[in-house]
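Remarks on the structure that follows.
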Amino acid sequence: MAARAGVSPMTASYAFNRPARVAAATRDRVHRAASELGYRPDAVGRALKSGRTQQIGVVFSEHLTYAFDDPQAAEFLAGVAEVCVDEGLGLTFIPTRGDAADADRVLSAAVDGFVLWTTAEDDPVLAAVAGDPRPAAIQGGPPRRGITCVTQDDYGAALAIASQGLRTGRTPVVISFPLDRDRERMTTTGGGLPPRARYPVTDARLRGYRAAVEQAGLSWTSTPVAVVARNSQRDGVTAARALAPRLSPDALVIAMSDELALGAHQALRETHPDAAYLGWDASPAGQRLRITSVTNPLRDQGRRCAHLTLSPGQPGDQDIPWTITPGSAPADGL
């Protein structure tokens, strides 16, 4: 092929593997010669020779459809995809099912590095990836030696937003993410929760909410809490309906995401028109309803995680900046 195109073997190789290093006219001549000879690059052989697949593997501890159904997960994925496009890499989804085969399924993936969505501290995939020589980064934690963690101060942000909402004298209720990999729905109180949640994001936010409630002179032990199975508006509706009998007319619904807050608003807008809502993620939908929310730049976190898999050894951002976006005035309701 190189002889037919009138170039050196190295130039012919670069025309396929590093096209930016070859003049456009030369590259076209090589491709035309390859087409005439019926040549197609062997991706498998190329990977075996170079030891690289040019793929980043994305591992979701959620059902794989969650990556497309949840707006914030989709934002994170878009950030990873942006880096893949910029670097000329492929993106491989690695599904997990919560079974014993998850670790082998992840490690057998033909990828050069891993990007993990936040998971529980007892997820066996964590130990498997941490022990693998390929670079890895995780959004939201939990932190593990061998996996760079990109996260924000969930505790500090939860304390700040809940404290702000409680200054109005409203009575709080909480809608929480899952506590562990069992994803059991429950309606309880702060006193009925386990000492720690297995998901680090859930645990940090619950601790922040508790601190805010207690600093406001209220009882965390008697604060109503609904735990959901998934981060979705549907689960927010279900949780709010379960909490409704315990809600005061001027309730402050403290939700761990805008999706849950939006679902709660849908469920309660007729029966509790004066309720106020706190969320997380500052989503466009939440902003349209003027839900007070914590910014959570997941697209930036996706980009950061992808870059860390390409340039291992860099320190992870342990403190992604956050702010609180104001919602409606307390007297306005929603």
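The values are calculated or read from the model by the stated rules, or taken from the named source; none is laboratory data. Quick caveat, the model's predicted, so the values are computed rather than measured. Please note: Cβ atoms are built from the backbone with ideal geometry, for glycine as well, and neighbour counts cover all protein chains shown. Side chains included, ligands, DNA and RNA excluded: accessible areas come from the protein's heavy atoms. Shrake-Rupley method; radii C 1.70, N 1.55, O 1.52, S 1.80 Å.
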Filter the range 284-311 down to the residues that are among the polar types (S, T, N, Q), over 19 Å from the mean Cα position of the chain (by Cα) and closer than 20 Å to Ile161 by Cβ and list them by number.
Gln287, Thr292
Residue in the range 140-154 that is nearest to Arg207 (Cα to Cα), counting only those that are buried (at least 19 other Cβ atoms within 10 Å of the Cβ) and either among the small types (Gly, Ala, Ser) or modelled with pLDDT of 95 or more (or both):
Asp154
Within the range 47-82, the residues that are in contact with a Ser or Thr (Cβ under 8 Å, 6 or more places away or on another chain) and among the aromatic types (Phe, Trp, Tyr) are Phe60
How many residues does the range 155-176 contain that are at pLDDT below 95 and of a type in the set (A, V, I, L, M, F, W, C)?
0
Could you go through the range 83-96 and let me know if any residue there is surrounded by 16 or more Cβ atoms within 10 Å (Cβ to Cβ), touching a Ser or Thr at 6+ places or on another chain (Cβ under 7 Å) and modelled with pLDDT under 90.
yes
Among the residues of the range 173-209, write down those that are under 14 Å from Leu159 (Cα atoms), in contact with a helix residue (DSSP H, G or I) (Cβ under 6 Å, 6 or more places away or on another chain) and crowded, with 20+ Cβ neighbours inside 10 Å.
Val174, Val201, Ala204, Arg205, Gly208, Tyr209
Residue count, the range 186-206 (criterion: among the hydroxyl-bearing types (Ser, Thr, Tyr) and either closer than 19 Å to Ser61 by Cα or without any contact (Cβ under 8 Å) to a residue 12 or more places away in the chain (or both)):
2
Exclusive hit being closer than 30 Å to Ala212 by Cβ, outside any helix (DSSP H, G or I) and basic (Lys, Arg), set Arg97, Arg181
Arg181
Considering only the range 210-225, state which residues are open to solvent by less than 40 Å² (accessible area, probe 1.4 Å) and over 27 Å from Val150 (Cβ atoms).
Val213, Trp220, Thr223, Pro224, Val225
Out of the residues in the range 5-30 that are modelled with pLDDT under 75 and open to solvent by 60 Å² or more (accessible area, probe 1.4 Å), state the one that is farthest from Leu89 (Cα to Cα).
Pro9
Leu91 versus (1) without any contact (Cβ under 8 Å) to a residue 40 or more places away in the chain; (2) in a helix (DSSP H, G or I); (3) under 18 Å from the mean Cα position of the chain (by Cα); (4) under 18 Å from Cys305 (Cα atoms): which is the lone unmet condition?
(2)
Out of Leu247, Leu310, which single residue is over 21 Å from Asp180 (Cα atoms), surrounded by fewer than 22 Cβ atoms within 10 Å (Cβ to Cβ), modelled with pLDDT of 95 or more and out of contact with any Ser or Thr (no Cβ under 6 Å at 6 or more places or on another chain)?
Leu247
Criterion first (part of a loop (DSSP other than H, G, I, E, B), charged (D, E, K, R) and under 22 Å from Thr295 (Cα atoms)) does Arg196 satisfy it?
no
